[in-house]
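Here is the structure we will look at, set down as structure tokens.
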Amino acid sequence: MARELNPGEQQELDNLRQIIEQAIADGVLTATERDAITAAMKADGQVTYEELALVRQMVSDKVAAGELKVEAS
């Protein structure tokens, strides 16, 4: 069962969502964008289940489906 996020955690998740949306808007994920997503996830010193789920949904699943390309580093 998912736990309720506190306001700070919700804000961090919203910020991560915005970074991801900007990164994938052109259909290509660059190494710099990937690094920005990783940095946002680690910004508070921990990576939460909710952050991982968001990245999976918005990035990994789209890459797997061919909807998003990953630029080679």
Seminar exercise, completed: Of the residues in region 32-52, those that are at pLDDT 95 or above, surrounded by fewer than 18 Cβ atoms within 10 Å (Cβ to Cβ) and of a type in the set (A, V, I, L, M) come to Ala36, Ala39, Leu52
Problem set entry | Among the candidates Asp35, Asp26, Asp44, Asp14, residue that is without any contact (Cβ under 8 Å) to a residue 12 or more places away in the chain, not small (Gly, Ala, Ser) and not in a helix (DSSP H, G or I) | Asp26
Exercise. Filtering region 21-31 down to residues that are touching a strand residue (DSSP E or B) at 6+ places or on another chain (Cβ under 9 Å) and buried (at least 16 other Cβ atoms within 10 Å of the Cβ), which residue is nearest to Leu54 (Cα to Cα)?
Worked result: Ala23
For this session: Would you mind stating whether Glu71 is exposed (fewer than 11 other Cβ atoms within 10 Å of the Cβ), of a type in the set (Asp, Glu) and modelled with pLDDT under 95?
Result: no
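The values are calculated or read from the model by the stated rules, or taken from the named source; none is laboratory data. None of the values given here were measured: they were computed from a predicted structure. Methodologically, a virtual Cβ is constructed for each residue, glycine included, from the backbone with ideal geometry; neighbour enumeration extends over all protein chains shown.
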